[in-house]
Amino acid sequence: MTSHELRPRFWETVEMADMTQAEWEALCDGCGKCCLLKLEDEETAEVEYTNIACKLLDLGTCRCTDYPNRKAKVPDCVIIDMAELDRISYWMPRTCAYRLLAEGRKLKSWHPLISGDRNSVHRAGISLAGRMVPEDHVHEDDLEDYVVEGLE
Ligand code: SF4
Ligand code: SF4
């Protein structure tokens, strides 16, 4: 097996900690919700999602436009790995494949690994493709106006 090959149905058969880098990356369903600005209540840790997108997010495909250099360009960007997962999963969407597997649940039918189609996540309405605004179009005093319910 080369490092780019994915083992058959690895998401069901391989522990997350034992996945190759290619398998780990393939777990991402491409929803882009982790790249949306979120508002967190400091006292309750409750998180609200907005439809305000990180400056590097492609608003149509929900993919990062400079994934290899994302941390250098956006220092707040969180690199999701096993070490971080416990700490960050409370603010990740419940539909996120990393969170689903970490909680012992299954991938959904619209996940590209199940459907075989990268666009199924958009067709299922899981992503906000075409419904986001770029962060540089929003004044910081107006953030509350962009909260979207039901994305958590
Ligand atoms: S929320 Fe999870 S599945 Fe969606 S883009 Fe982020 S890491 Fe990928
Ligand atoms: S820099 Fe990080 S948060 Fe921004 S679009 Fe890329 S992966 Fe998402």
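The values are calculated or read from the model by the stated rules, or taken from the named source; none is laboratory data. No experiment lies behind these values; they were computed from the predicted model shown. Methodologically, a virtual Cβ is constructed for each residue, glycine included, from the backbone with ideal geometry; neighbour enumeration extends over all protein chains shown. Just so you know, the surface numbers come from the protein's heavy atoms only, side chains and all, with ligands and any DNA or RNA stripped out. Shrake-Rupley method; radii C 1.70, N 1.55, O 1.52, S 1.80 Å.
Name the residues in the stretch 1-37 that are in a helix (DSSP H, G or I) and of a type in the set (Val, Ile, Thr), would you?
THR13, the sole residue that qualifies.
Could you list all residues from the stretch 90-105 that are buried (at least 16 other Cβ atoms within 10 Å of the Cβ) and either more than 10 Å from ligand 1 (Cβ to nearest atom) or within 11 Å of the chain's Cα centre (by Cα) (or both)?
Of the stretch 90-105, the ones buried (at least 16 other Cβ atoms within 10 Å of the Cβ) are 91-93, 95-101.
Correct list: TRP91, MET92, PRO93, THR95, CYS96, ALA97, TYR98, ARG99, LEU101.
Please work out which residue is surrounded by the most Cβ atoms within 10 Å (Cβ to Cβ), limiting yourself to the stretch 23-45 and to residues that are farther than 17 Å from LEU107 by Cα and of a type in the set (A, V, I, L, M).
Only one residue tops the list, namely LEU36.
Which residue is farthest from ligand 1 (Cβ to nearest atom), if the candidates are limited to the stretch 24-39 and must be in contact (Cβ under 8 Å) with a residue 12 or more places away in the chain and out of contact with any helix residue (DSSP H, G or I) (no Cβ under 8 Å at 6 or more places or on another chain)?
LEU36
Of all the residues that make up the stretch 73-89, how many are open to solvent by 90 Å² or more (accessible area, probe 1.4 Å) and under 25 Å from GLU42 (Cβ atoms)?
4
For the stretch 75-105, give me each residue that is within 16 Å of ligand 2 (Cβ to nearest atom), touching a Leu at 6+ places or on another chain (Cβ under 7 Å) and among the hydrophobic types (A, V, I, L, M, F, W, C).
Within the stretch 75-105, ALA97 is the sole residue that qualifies.
Here are the criteria: (1) open to solvent by 40 Å² or more (accessible area, probe 1.4 Å); (2) within 14 Å of ligand 1 (Cβ to nearest atom); (3) of a type in the set (Lys, Arg). Tell me which single one ARG70 does not satisfy.
(1)
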